[in-house]
Each structure stands twice: as C-alpha cells, then as structure tokens.
C-alpha cells in the first residue's frame, strides 16, 4: 500500500483544531449566557477536543493507504470504522486532479475518481504531491481505457 504525503497531516490537523476552536467558542458563549459554570469551560473544551483531534489525525494518517492494481484501485482508510474500497477500472468514467486553496498552500493535490452509476466522486485520494497526482491520474486513465470492453463481434 502506498502512503499519503506526510504534509496531509497538517491539513487534517488544521481542520481538527479549527473545529475544536469553533466548538469551544460556542460552548463558552452558551455557558456565559445560560449556565454560568465558569470561565474555564471554553478553554477546557478546546484542549480536550484538540488532544482528540491530534490523536485522530495521527491514527487517520497511519491507516490511510491506496494501491493501483492491474484491474482496480484499492483504498484502505478509517479510524473508528475501517473501510476497504475496491473500484474496478471498468467502472471508471473519468479521473480528476484537484488542488483546493488549502492544498495549494501545503503543496499537495488530490485525485478524484468518478465511476459509472454514481452521483458524485466514489474515490478521492488526498495528500499527494502534484506531480504524483498527475502521474496517478494518467495511469488510471490509461488503465480505465485498456479495461473497456472491445466492440462486440458480429455473430453472422
């Protein structure tokens, strides 16, 4: 299994800390308005959520992996619920490479694989260097094209 670039941990950790901050501020404001427990509630909530966020991010990175096989893309991920996804190339419709603003700041990119019969992206591989994302995109496109069934022969 191939691992993600370690810089993806910074993005995931930033998201966890931002969520912890928002929840802590909301708890502090609610406490101040309705409960009046004390000034310490908001900071304690932030510290607890930050510790949980750091542990979750480290475990998430440790479990995340993907593999491009001869007939499918396999992904393993999940902290509380482990998910093992296998996407056969015959189902692949198109493959995108994308870089959001936060990914660009971290120098990372993602590959998004769309499959037949789905409304959105079925598989996203985050935390890749841009050149690796382009290589994966080209490889998946080639393998998907090769796996397309040929023209049916005339049965005459």
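Shown is the FRET efficiency for residue 139 and residue 10, computed with R0 = 25 Å from the Cβ-Cβ distance and rounded to the nearest 0.05: 0.40. Computed extension gain for residue 71 through residue 54, at 0.36 nm per residue and net of the alpha carbon distance, reaches 2.5 nm. Angle, helix 8-30 long axis vs. longest principal axis of the chain, Cα atoms, 0 to 90°, nearest 10? Roughly 40 degrees between the two axes.
Applying 1/(1 + (r/R0)^6) with R0 = 30 Å to the Cβ-Cβ distance of residue 29 and residue 104 gives a FRET efficiency near 0.35. Over the chain, dividing the summed -39,500 (n - 2.57) contributions of all DSSP H runs of at least 4 residues by the number of residues returns a 222 nm mean residue ellipticity of -15000 deg cm²/dmol. Short-range pairs are left out: with C-alpha atoms under 8 Å and at least six residues apart, the relative contact order of the chain is 20 percent. With angles folded into 0 to 90 degrees, how steeply does helix 130-146 sit against the dominant principal axis of the chain? Use alpha carbons for both and round to 10. Between helix and principal axis, roughly 40 degrees.
Taking a ≥ b ≥ c as the square roots of the eigenvalues of the alpha carbon gyration tensor, the stretch 66-146 is oblate, as a/c is not under 1.5 and a/b does not beat b/c.
Would you indicate which of [x] 41; [y] 31; [z] 26 is the value of percent of Cα pairs over 27 Å apart derived from the coordinates of this structure? Comparing each candidate, only [x] matches the computed number.
Spin-label model, residue 81 to residue 17: label points 7 Å out along the Cα-to-beta-carbon direction sit 2.9 nm apart. With a Förster radius of 30 Å applied to the beta-carbon distance between residue 116 and residue 44, the computed FRET efficiency rounds to 0.05.
Bear in mind that the values in this text are calculations on the coordinates, not laboratory data. Just so it is clear, the structure is predicted and the values come from calculations on it, not from any experiment. Note that each Cβ is placed from the backbone with ideal geometry, even for glycine, and that neighbours are counted across all protein chains shown.
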